[in-house]
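Student: Before anything else, here's the structure in question.
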Amino acid sequence: MQRPRLFYNVTMRWPIRNQIMFPLLAVAIVSLTAVGVINAVLAERRTCAHVEQQLRRVIGVLSTSSFPLTNSVLQQMRDLSNAEFVLTDSSGNVVASTVQEPGPLPHHNVTTRVQDVQLGTSDEVGGRWYFHTLVQLPLGAAAGRTGVLHVLFPQDEYRKAWRQAFMPSFFVGIVTSLLLATVAYALSNRMGRAIARLREEVVRIARGDFRKVDLPAIDDEIRDLSAAVNRTAGMLAEYEQQVRRSEQMRTLNILGASIAHQLRNAVTGCRMALDLHAVDCATDKDDECLEVARRQLKLMESQLQRFLRVGKRPGELVVRELDLGELVEELLPLVRPAAQHAGVVLDCSVPSEYVSINGDEEGLTQVVLNLLLNAIEAAQQSGIHRSTQSRVCVEIGGAANETAELTISDSGAGLAETVAASLFEPFVTSKTEGAGLGLAVAKEIVVAHGGSIEWNRENGMTRFRVTIPLAKNRCARVQNTHC
């Protein structure tokens, strides 16, 4: 049998606004109550002391006076002290009074010394409540005659005096508490709105919108939190881009490699058939045509190799010492027919000394061929609309920072603005029939060699600059080569 549950977990939402405002209000109320009680006690003591001191002065004047204590004299004392006075003789007869028809008065202990006068007990006289005290006084010039002075201080006058002493501090406490509540409410609302806005921005970022959050004007912890959210959004955007690129490259590696492998086998078989045909049917004319065909097939094979190279890890590169100038010289005959067909002048400048690098010959071949063919195509498209000769220039050199430099420039119109910012990303191209893989693969290969590739537009020429670290051993060439 299942035992009944005695307790239930109830989660109650407790907004930060309430967490700030309610404790402050509670502190304000408790403080106001405590201050009010203290002020009430102190005000009562001050009022009592003030009234008693005032009565002692009046009674002192009456006890030392040499003139008879008549109704008019007591009336003047009442105007000074707000108290009622009734003077009786030793037999209890009224001698003088400020109260009309006081009637029988209660008798208490009679005070003989003026400095001992206090407010006394509460008694009702003539339908009104008073603090009642009795003081023994001499009755005029008759020696030895004494009387009793009944001092009646109205309780409503006492409360009025007490309120005058208490209410100012009480109102100050009320106003202070209201101001504190207003400030607490404003601050808690501000923090609540800021946190709610950050929550909405975080939800937006979680949905894939990585725009930055507007920072608050006040430099505080909320601004720091907003800046942290912006940094997180930037990191997530970069991470998403990396993941997307990795997935693209992985997909392309799987699909492209299988297709390119089959096509490369067919191209290789065609090139072998041409070699066998050249052996069986050797003529001068046929030799020249077959050589061009073989070179074009080799170029096609290199282009297919680009798909096989996508996603290849740097550790799989076959690295050996190469001469960058020699590598470029061997590749130029493969692209020269394309340049001649496009009407593009191909210039090449190779330094007299070896430009030795440690690299993968197959990968660097792919980089150089891709940059050369792109440059020829860009120069050809620009030459259709220009009267000047289209040109592609190749320059090789060693920089002062121990790096080899390969610069390929073309006289084309330059890159479109839509692709300029993300030129080296996969599938980014302005060509109608392009796949947008050449420069992405070229950058991957160059970075795997510890180098860099960048481009710029200068003096009407689009320049692609590749830098790769030089090898330590370098020697001089026989002569400077111009292609």
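Student: Considering the range 103-147 alone, what residues qualify as being at pLDDT below 80 and closer than 24 Å to residue 57 by Cα?
Tutor: Scanning the range 103-147 gives 108, 138, 139, 140, 141, 142, 143, 144, 145, 146.
Student: Among the candidates 329, 321, which residue alone is farther than 17 Å from residue 411 by Cβ, in a strand (DSSP E or B) and not hydroxyl-bearing (Ser, Thr, Tyr)?
Tutor: Within the list 329, 321, the selection yields 321.
Student: Looking only at the range 339-352, which residues are exposed (fewer than 15 other Cβ atoms within 10 Å of the Cβ), more than 11 Å from residue 389 (Cα to Cα) and in contact (Cβ under 8 Å) with a residue 12 or more places away in the chain?
Tutor: Answer for the range 339-352, where residues must be exposed (fewer than 15 other Cβ atoms within 10 Å of the Cβ), more than 11 Å from residue 389 (Cα to Cα) and in contact (Cβ under 8 Å) with a residue 12 or more places away in the chain: 347, 352.
Student: Can you tell me which residues in the range 67-77 are surrounded by fewer than 16 Cβ atoms within 10 Å (Cβ to Cβ) and out of contact with any Gly (no Cβ under 8 Å at 6 or more places or on another chain)?
Tutor: 70, 71, 72, 75, 76
Student: Residues 55, 32: which one is touching a strand residue (DSSP E or B) at 6+ places or on another chain (Cβ under 7 Å) and surrounded by 11 or more Cβ atoms within 10 Å (Cβ to Cβ)?
Tutor: 55
Student: Can you say whether residue 98 is farther than 18 Å from residue 52 by Cα and touching a Ser or Thr at 6+ places or on another chain (Cβ under 7 Å), as far as the supplied structure shows?
Tutor: For residue 98, the condition - farther than 18 Å from residue 52 by Cα and touching a Ser or Thr at 6+ places or on another chain (Cβ under 7 Å) - is not met.
Residue-by-condition table, conditions (1) modelled with pLDDT under 80; (2) within 17 Å of residue 138 (Cβ to Cβ); (3) part of a strand (DSSP E or B):
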{"residue": "6", "(1), (2), (3)": "yes, no, no"}
{"residue": "9", "(1), (2), (3)": "yes, no, no"}
{"residue": "20", "(1), (2), (3)": "yes, no, no"}
{"residue": "49", "(1), (2), (3)": "no, no, no"}
{"residue": "85", "(1), (2), (3)": "no, yes, yes"}
{"residue": "101", "(1), (2), (3)": "yes, no, no"}
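Student: Restricting attention to the range 194-202, does a residue exist that is in a loop (DSSP other than H, G, I, E, B), surrounded by 12 or more Cβ atoms within 10 Å (Cβ to Cβ) and in contact (Cβ under 8 Å) with a residue 60 or more places away in the chain?
Tutor: No: zero hits.
Student: Scan the range 39-55 and report the pairs whose first residue is in the same structural domain as residue 161 (by TED's automatic domain parsing) and whose second residue is of a type in the set (Val, Ile, Thr) and surrounded by 13 or more Cβ atoms within 10 Å (Cβ to Cβ), with Cβ atoms within less than 7 Å and a gap of 6+ or a chain change.
Tutor: 52/117; 55/117; 55/151
Let's see how each residue does on (1) of a type in the set (A, V, I, L, M); (2) at pLDDT 80 or above; (3) under 30 Å from residue 37 (Cβ atoms):
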site	(1), (2), (3)
196	yes, yes, no
199	no, yes, no
221	no, no, no
225	yes, yes, no
235	yes, yes, no
247	no, no, no
260	yes, no, no
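Student: Is there a residue in the range 335-354 that is closer than 23 Å to residue 451 by Cα, in a loop (DSSP other than H, G, I, E, B) and touching a Cys at 6+ places or on another chain (Cβ under 9 Å)?
Tutor: Among the residues of the range 335-354, at least one is closer than 23 Å to residue 451 by Cα, in a loop (DSSP other than H, G, I, E, B) and touching a Cys at 6+ places or on another chain (Cβ under 9 Å), which makes the answer yes.
Matching residues to (1) more than 29 Å from residue 461 (Cα to Cα); (2) modelled with pLDDT under 70:
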| site | (1), (2) |
| --- | --- |
| 297 | yes, no |
| 306 | no, yes |
| 326 | no, no |
| 347 | no, no |
| 353 | no, no |
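Student: How do the strands (runs of 3 or more DSSP E) wholly within the range 399-483 filter down when requiring 1 or more residues that are under 36 Å from the mean Cα position of the chain (by Cα), surrounded by 13 or more Cβ atoms within 10 Å (Cβ to Cβ) and modelled with pLDDT of 70 or more: which remain?
Tutor: Hits in the range 399-483: 452-458.
The values are calculated or read from the model by the stated rules, or taken from the named source; none is laboratory data. Because the structure is a prediction, the values reported are computed rather than measured. Positions of Cβ are backbone-derived with ideal geometry, glycine not excepted, and every protein chain shown enters the neighbour counts.
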